[in-house]
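One structure is given here, and the rest of the page talks about it.
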Amino acid sequence: MSAGSTQYDPVEVAVLSPDEVARARDAALAAIAAASDLDELKAARLAHFGDRAPLTLANAEIGALPPAARAEAGKRVGAARGQVRRAIEERETALEAERDERILTAETVDVTLPADRVPRGARHPDTLVSDRLTDVFVAMGYEVAEGPEVEAEWYNFDALNFPPDHPARAMQDTLFVAGPDGGEGSGMVLRTHTSPVQIRAMLTRQLPLYVVSPGKCFRTDELDATHSPVFHQIEGLAVDEGLTMADLRGAVQAFVDAMFGEGLRTRFRPDFFPFTEPSADVSMECHVCRGGSARPGGDPCRVCKSQGWIEIAGCGMVNPRVLVACGIDPDRYSGFAFGLGIERTLMIAHGVTDIRDTIEGDVRFSAAFGMEI
Ligand code: PHE
């Protein structure tokens with residue numbers, strides 16, 4: 001500090017005069033009050049509280065005053081600056097609150113507005129049933145085997161021991177694929193069941209063999225409530241040493257338990273398939289009435305038509321002629337096979353009364369079975 005400052009007359013330092021300080025303070029307070037948003041407040045703070053603001057500059061002058069005059073000037077400027085600082089703080093709090101309020105209002109979501117919703121897709125119920133059954137057998141160690149939908153007649157019929165004149169080959173059941181000249185004789189059909197995959201599996205895989213084959217099948221059926229020319233089956237095949245019908249029953253029971261819940265009995269009755277011997281049709285106890293409708297005095301049951309049993313699958317021990325056709329020694333190996341309709345299983349399990357619901361593609365039907373994508 002210079003020696004001359006001792007003679008300094010504070011009254012002559014204009015910026016420190018009470019009037020000047022009051023003017024600067026009032027100008028600052030006015031600017032702060034006038035700031036209508038945080039940006040304007042920032043500008044006012046720079047102008048009135050920043051490094052070059054009149055009160056800041058005045059403050060800096062205090063040091064140049066003679067010691068006797070410093071206290072009073074300091075008090076005056078300090079009070080003014082304190083007022084300005086507090087005004088800035090208050091205005092800032094108020095403007096921040098205003099801003100937050102504005103954002104909240106602008107970003108308000110009206111949950112009562114009608115929504116423009118795109119419906120989610122749903123996996124087809126056939127796929128759900130097919131996957132569920134496939135999983136049951138995969139969990140027991142079966143592998144998934146697939147085959148073509150356009151199949152050689154040999155796989156679809158001959159290798160499965162269908163004689164050449166078997167009625168199932170006839171035009172009314174089988175969709176034949178036209179030859180190159182548009183005529184018959186291509187030797188190809190749209191597969192009428194998933195059983196040709198048995199042949200493909202036996203010809204290409206190592207023994208012992210445990211496969212499950214879900215897939216699409218075709219027949220010349222008219223489309224009505226219970227028939228569709230395109231449908232799905234799932235096939236199981238096991239070839240191993242020492243397999244008996246007891247193993248087949250166990251496999252079928254596992255499928256019924258998984259699909260319909262445990263505790264339903266199954267029943268085998270003699271049937272005929274060229275590729276299994278002996279063959280059986282499998283029924284399960286009705287999962288709705290549990291057989292009650294068929295007992296004396298039981299209430300009628302719509303699901304099993306009061307039979308107490310529902311047919312669900314065809315099955316049997318693999319015919320030794322089929323094993324031979326696939327180069328497997330029937331004296332050493334035996335096998336069992338079963339096949340069932342996916343749509344039929346779906347309809348039984350979920351009370352679907354019209355198979356056409358499964359092919360019309362209305363998502364409202366699929367959605368009812370769960371919103372899995
Ligand atoms: N493939 C037979 C059908 O479509 C079902 C079946 C499969 C029967 C396997 C026995 C063994 O009717």
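The values are calculated or read from the model by the stated rules, or taken from the named source; none is laboratory data. What you see is a predicted model; the values in this text were computed from it and never measured. When we count neighbours, we look across all protein chains shown, and the Cβ atoms used for this are built from the backbone with ideal geometry, even at glycine. The protein model used for the area step is the full one, side chains on, heavy atoms only, and it has no ligands, DNA or RNA in it. Shrake-Rupley method; radii C 1.70, N 1.55, O 1.52, S 1.80 Å.
Using 0.36 nm per residue, how much length does the chain from residue 61 to residue 138 gain when fully extended, once their Cα-Cα distance is taken away? Before the final figure, lay out the partial values.
On the way: separation 77, 0.36 × 77 = 27.72 nm, distance 9.06 nm.
Full-extension gain reported as 18.7 nm.
Averaged over its residues, region 14-106 has an accessible area of 59 Å² per residue, based on protein heavy atoms and a 1.4 Å probe. At the residue level, residue 162 shows approximately 20 square angstrom of accessible surface with a 1.4 angstrom probe and all protein chains present. Evaluating 6.51 cos²θ - 1.76 cosθ + 1.60 at θ = phi - 60° for every residue in region 213-225, the Karplus couplings come out as 10, x, x, 8, 10, 9, 9, 7, 5, 6, 6, 9, 5 Hz, glycine and proline recorded as x. Principal-axis analysis of the Cα atoms of the chain puts helix 38-49 at an angle of about 30° to the longest axis.
If one computes the Cα centroid of region 19-49 and of region 115-135, what distance in Å separates the two points? Using only Cα atoms, the two centres lie 66 Å from each other.
Could you do me a favour and compute the accessible area per residue for region 110-258, 1.4 Å probe, result in Å²? The partial results should precede the final answer.
On the way: 7600 Å² over 149 residues.
Accessible area per residue: 51 Å².
Provide the net charge surrounding residue 234, with neighbours chosen by a C-beta distance below 14 Å and charges set as Lys +1, Arg +1, Asp -1, Glu -1.
Working: positive: 132, 191, 216, 344; negative: 126, 131, 135, 143, 146, 235, 343.
For residues surrounding residue 234, the net value is -3.
Measure out, as a whole number of angstrom, how far apart the alpha-carbon centroids of region 178-199 and region 291-363 sit. Here the answer is 25 Å between Cα centres. A dipole drawn for region 125-367 from +1 and -1 charges on Cβ atoms has a positive end, and of 244, 230, 159 the residue lying farthest that way is 244. Given a 1.4 Å probe and the protein chains as shown, residue 188 ends up with an accessible area of around 60 Å². Mean residue ellipticity at 222 nm, helices only, the chain: -12000 deg cm²/dmol; runs of at least 4 DSSP H residues each add -39,500 (n - 2.57), and the sum is divided by the number of residues.
Accessible area of residue 45 (1.4 Å probe, protein heavy atoms only, ligands and nucleic acids ignored): about 90 Å². Accessible surface computed residue by residue for region 297-373, with neighbouring protein chains in place and a 1.4 Å probe, gives 52 Å² per residue. The slack in the chain from residue 19 to residue 150, taken as 0.36 nm per residue of separation less the alpha-carbon distance, amounts to 36.8 nm. A crude spin-label estimate for the pair residue 186 and residue 34, with each label 7 Å from Cα along the Cβ direction, gives 8.9 nm. Which one, 57, 87, 69, is farthest towards the positive end of the dipole of region 14-106 when Lys and Arg carry +1 and Asp and Glu -1 on their Cβ? Most positive-ward Cα: 69.
Once neighbouring chains are kept in place and the probe is 1.4 Å, which whole percent of the accessible area of the chain is contributed by carbon and sulfur?
Values: 10860 of 20370 Å².
In the chain, the share of accessible area belonging to carbon and sulfur is 53 percent.
About its Cα centre, region 125-367 has a charge dipole of approximately 700 debye under the convention of +1 per Lys or Arg Cβ and -1 per Asp or Glu Cβ, with nothing else charged.
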